[in-house]
Amino acid sequence: MKLLPAALLAVVALAFVYGDPRVARPRARGGGAAESSGWAIYDRDPAHVWNRLYRALYSRAARDGREYGQDEVDPLLWGSTGHLLGGASNAEAARTLDEFLDARAERLVADPLRRAMLQRDLWAVFDWTVYRAERPTPELRALQSKLARVIRRLALTREQAAALPDTYEAAAASGEFAADYDPARPEVPFLPPDLLKPGGPWVEVGVRGGGPAAPAHVVGTGGRSVFRVFVRLPQGRRATLEYLGRVAGFRRLWVRDPRSQSDPQPNPRLPQFPAGTRLALVRQMLLADERGEPAATAVTESVQIRVHRAIPARIPGAFNGDEDEARDATSVHEFRLSRARLFAGEAGGLRAVARDERELPVFQSHGFDPFEAEAAGRASLEGSFRPVLASCSQCHFRPGIHSVLSRAPDVVELRRRDVRRDLAPADSAAAEFDSTREWKRRQASWRLLRELWD
């Protein structure tokens, strides 16, 4: 689970994760040559304008013609991507948006869930265009305007957004996934039915004083998703609450290695949670409702779970601990949203990430576009794939509580004084939504959307 502090984003943006080239090429999820004749996500007819619009914005083509991007949680767009900013891809997207607007194509699909998902998909592209181009060209500004108009037309009422299905509950109740962790088979993915249960063994945590509990993830998705952090000690809820209290009451969270002038490091004396402790990060979808306000939903976009089977004594990065030791002592599981499964009513739309599954990473990458790098002869697309389940450990490589980066304050502030971001039980299930909504409202992407909305 990628609980990276916002202050480390600039550092992480420079850290590219190199995978093992011996790992076999992944199956092209939604991108194989046999499937490239059409995308049938929002309707069974690939020629339906909803499908063609989704494809115009999400499809990326490799040099060999293979398509990627179909049914990905997030669009394959990076910080250096030129795709959609101009040229043929921009013109195709603009034409399809015009067709959608002229035909009032939002009326073709009444299902609130499909409308919500298409709005979500367009909103992600809109936000990326704002991030990618501070001074947009006329053709990009026209694309933004059209995207904003379709986003508004697809908007649900707040009541409709609140009535969207609880997809996590549906997935946990489906029987498709194990309900609990099996120490004898640590590789088997499990989806605990009581994870989101108020008063249950999992304690949702927030940051004392406010702000998102997983700020880097909020930033990485442009504030269009709520990221909820949960902790469960083996002894249950009461022990978890008591442990969080001990950590919050610990005076000196950060120390300096007397042998080094590096930034402050985690204090090895910080109370450690026991082996068997579990951490979860649940990402849930936000929408822009008909009033032009962020609206919460119960649609789960991803779930990441870490089980700390053992707690190594030494801390990597603080006095020469071994990173691999901490990684090897942790079991990682991940579930991701599939639109096809969601619309078919299969397991709440969630699928378990396979142990050998690989991806073209967007979050925690250099920001360079592997498709454009391949086209320019600078890199191999095949070499850009990374193991999905290994991605968490690139940042969360320290043992136990030291892997929970939500509690890490700004590195620059740490150089000046012993500031802190104490974790505490969340005030309510809505607390994280409130923090994310307030963050989103301060962003330039939100201001532009509202400007074009009105």
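Below are the figures for this structure:
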quantity: Rounded percent of accessible protein surface that carbon and sulfur make up, the range 217-293, 1.4 Å probe; calculated: 46 percent
quantity: Net charge dipole size for the range 32-160 [Lys, Arg +1 and Asp, Glu -1 on Cβ; Debye, nearest 20]; calculated: 360 debye
quantity: Net length gained if the chain between GLU293 and ASP102 were fully extended (0.36 nm per residue, minus Cα distance); calculated: 66.2 nm
quantity: Segment GLU438-GLU176, length gained on full extension (0.36 nm per residue, minus Cα span); calculated: 90.7 nm
quantity: Pair ALA376, ARG158: separation of 7 Å Cα→Cβ label points (nm); calculated: 4.7 nm
quantity: Label-point gap, in nm, between ARG135 and ARG256 - each point 7 angstrom along Cα→Cβ; calculated: 4.2 nm
quantity: Accessible area expressed per residue, the range 95-208, with surrounding protein chains retained (probe 1.4 Å, Å²); calculated: 47 Å²
quantity: Accessible area of LEU85 in the full protein assembly, 1.4 Å probe (Å², nearest 10); calculated: 30 Å²
quantity: Evaluated at q = 0.21 Å⁻¹: base-10 log I(q)/I(0), Debye formula over Cα of the range 88-222; calculated: -1.25
quantity: The range 87-189 - percent of accessible surface contributed by carbon and sulfur, probe 1.4 Å; calculated: 50 percent
quantity: Filtered trypsin sites (Lys or Arg not before Pro), the range 420-454: DSSP coil and at most 11 other beta carbons within 10 Å; calculated: ARG442
quantity: Residue list for the range 91-134, given a label point 7 angstrom along the Cα-to-Cβ vector of ASP45 and an amide N cut-off under 12 Å; calculated: 108-109
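The values are calculated or read from the model by the stated rules, or taken from the named source; none is laboratory data. Predicted, not measured: the structure shown is a model, and the values here were computed from it. Reconstructed Cβ throughout: ideal geometry from the backbone, glycine too, with neighbour counts over all protein chains shown. Accessible surface is based on the protein model in full, side chains and every heavy atom, while ligands, DNA and RNA are left aside. Shrake-Rupley method; radii C 1.70, N 1.55, O 1.52, S 1.80 Å.
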